[in-house]
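**Q** Could you have a look at this structure, given as structure tokens, before my questions?
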Amino acid sequence: MSRAQRVGSPKSGDALPKNGQVTVQYKKNGSGVDEVTSVDLYYDKGVVAFLPTQKTKFDSNGIAKIKIKLDMPNNSDIKLGKGPGTTNFKFKSWANTREGPHCTTFSDDFKIAP
């Protein structure tokens with residue numbers, strides 16, 4: 001079975017605004033996925049935040065778009081910015097199929113601007 005894939009923002013190396021809003025987009029890509037159910041924010045030491053998202057079904061073109069607010073908790077391990085030594089982040093997205101298995105996919109690494 002094919003996998004749904006994340007397309008669009010964020011791309012590798014992008015710097016997203018802290019506490020800003022970003023739209024993450026997925027393409028069904030021939031998979032059996034019916035809806036994207038949640039998106040979490042990760043870094044190399046684990047989960048940063050479970051982001052508030054609504055379940056989103058794919059449209060007739062096989063695209064699902066989710067608007068996410070990057071609510072950043074205070075964490076002394078995280079260094080925001082784009083330069084050397086700053087933290088890399090990624091989104092982990094969860095999806096459902098009619099048959100029940102849950103699928104996940106990860107975004108490219110990106111930065112979060114202070």
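The values are calculated or read from the model by the stated rules, or taken from the named source; none is laboratory data. In this text, all values refer to a predicted model and were calculated from it rather than measured experimentally. Here the Cβ positions follow ideal geometry from the backbone for every residue, glycine too, while neighbour counts run over all protein chains shown. Accessible surface areas use protein heavy atoms only, side chains included; no ligands, DNA or RNA. Shrake-Rupley method; radii C 1.70, N 1.55, O 1.52, S 1.80 Å.
**Q** Can you tell me which condition Lys55 does not meet? The list is (1) open to solvent by 30 Å² or more (accessible area, probe 1.4 Å); (2) in contact with a strand residue (DSSP E or B) (Cβ under 8 Å, 6 or more places away or on another chain); (3) modelled with pLDDT under 85, and all the others hold.
**A** In the conditions (1) open to solvent by 30 Å² or more (accessible area, probe 1.4 Å); (2) in contact with a strand residue (DSSP E or B) (Cβ under 8 Å, 6 or more places away or on another chain); (3) modelled with pLDDT under 85, Lys55 misses (3) alone.
**Q** Return yes or no: is Lys79 outside any strand (DSSP E or B), open to solvent by 20 Å² or more (accessible area, probe 1.4 Å) and at pLDDT 90 or above?
**A** Working: outside any strand (DSSP E or B): yes; open to solvent by 20 Å² or more (accessible area, probe 1.4 Å): yes; at pLDDT 90 or above: yes.
Spelling it out, Lys79 is indeed outside any strand (DSSP E or B), open to solvent by 20 Å² or more (accessible area, probe 1.4 Å) and at pLDDT 90 or above.
**Q** Right, next: Residues of region 92-107 being in contact with a strand residue (DSSP E or B) (Cβ under 7 Å, 6 or more places away or on another chain), of a type outside the set (A, V, I, L, M) and either open to solvent by less than 70 Å² (accessible area, probe 1.4 Å) or modelled with pLDDT of 90 or more (or both), which ones?
**A** Scanning region 92-107 gives Lys92, Ser93, Asn96, Thr97, Cys103, Thr104, Thr105, Ser107.
**Q** Could I ask something else about it? What number goes with the only condition from (1) touching a Lys or Arg at 6+ places or on another chain (Cβ under 6 Å); (2) at pLDDT below 85 that Lys18 does not pass?
**A** (1)
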